[in-house]
Amino acid sequence: LFFFGSYEGARLSAAQPVTDTVPTPYLQSISPATYAPVFAVYPKVAQPADPTALTTQYFAAGSVRQTDGNGTVRLDYNITPNDLLYARYIRSRPFKLAPNDIVINQRNTTGHTDGANAGYTHAAQSWTSMTRFGYNRIRLQRLDGGFSSDLEELIFNGIDSQGAEQFAKSGDFYS
């Protein structure tokens, strides 16, 4: 009988630079009211030296948080000298929160991955028989914070609010 288990957890919390092209107060003052909700979520910046500049660069410090938890368990059992049974389970739980210059639009990524497989091997003098089973499941979600406030995408003169999106991947696989 052989048994093995391992767990690896990683935690990261670090400063991350946040840079982007943002609208100037001048652009906000001359733009149609339709764009006001999108411009309102951008960070406030001073007007550059050029009084008619439409955009400027924004620099700030953000904070990224990331955790990963991964584990594996394996069992091997020699039932007889000719019969071997094994089983394995793998688990992964990643998480990441990434900053954005639009504070309400931080990106949150979470995942759940599970995998299990088992096998039975019988060996005889002139032949070998193997039976295996496997199952994998993935659940991945990426959600921008602005999704809940219906943040629209605006692309103009170097500005790209990127909008807000939700991406989900879910699946199972048997073999």
Mean separation of Cα contacts under 8 Å (6+ apart) over length of segment 27-125, as relative contact order %: 25
Residue with peak Gaussian network fluctuation, the chain [Cα springs, cutoff 10 Å], from Ile104, Ile90, Ile79: Ile79
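In deg cm²/dmol, rounded to 500, what helix-only [θ] at 222 nm does the chain give when every DSSP H run of at least 4 residues adds -39500 (n - 2.57) and the total is split over its residues?
On the way: 2 runs with 11 residues, N = 175.
That comes out to -1500 deg cm²/dmol.
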GNM top mover of Ser63, Ser29, Ser92 - the chain, alpha-carbon springs below 10 Å: Ser29
Simple label model, 7 Å out from Cα along Cβ direction - Val45 to Ala61, nm: 2.0
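Every number here is computed from the coordinates shown, using simple stated rules; none is lab data. What you see is a predicted model; the values in this text were computed from it and never measured. Note: ideal-geometry Cβ built from the backbone for every residue, glycine included; neighbour counts use all protein chains shown.
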